[in-house]
Amino acid sequence: MSAPRDRRPPADEPLGSITRPVVDDSATAPACYACGARDLTRLRLALPDGRPAVFASCPDCEATAWFVVDGDGTALGPDGAPRR
Ligand SMILES: [Zn+2]
């Protein structure tokens, strides 16, 4: 019978780091396209074509949009077309 494997994380793993964003995407998704709010919920994901993107959700008006990372800041709809 083998001893249980120790799967604890390394001791130097900083606790609480998961509560901080890995990257600051406020430049990629600066504001809500609908109401202009700047306190957005931002998630970094990939578009179906492989481009890295930020999905932003507005807590004020519940608008959602995609922003291409390193793009021009245009808010995109679910199909990748610019929001109007
Ligand atoms: Zn909004």
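Just one of the listed residues (Ala56, Ala37) is of a type in the set (A, V, I, L, M, F, W, C), part of a loop (DSSP other than H, G, I, E, B), closer than 12 Å to Ser26 by Cα and modelled with pLDDT of 90 or more, and it is Ala37.
Here's a check for you: in the stretch 69-84, which residue that is open to solvent by less than 40 Å² (accessible area, probe 1.4 Å) and touching a residue at least 24 places away in the same chain (Cβ under 8 Å) is farthest from Ala27 (Cα to Cα)? Residue satisfying both the conditions and the ranking: Gly80.
The values are calculated or read from the model by the stated rules, or taken from the named source; none is laboratory data. Values in this document were obtained by computation on a predicted structure and should not be read as measured data. Backbone-built Cβ (ideal geometry, glycine too); neighbour counts: all protein chains shown. We work out accessible area using only protein heavy atoms, side chains counted, and drop any ligands, DNA or RNA first. Shrake-Rupley method; radii C 1.70, N 1.55, O 1.52, S 1.80 Å.
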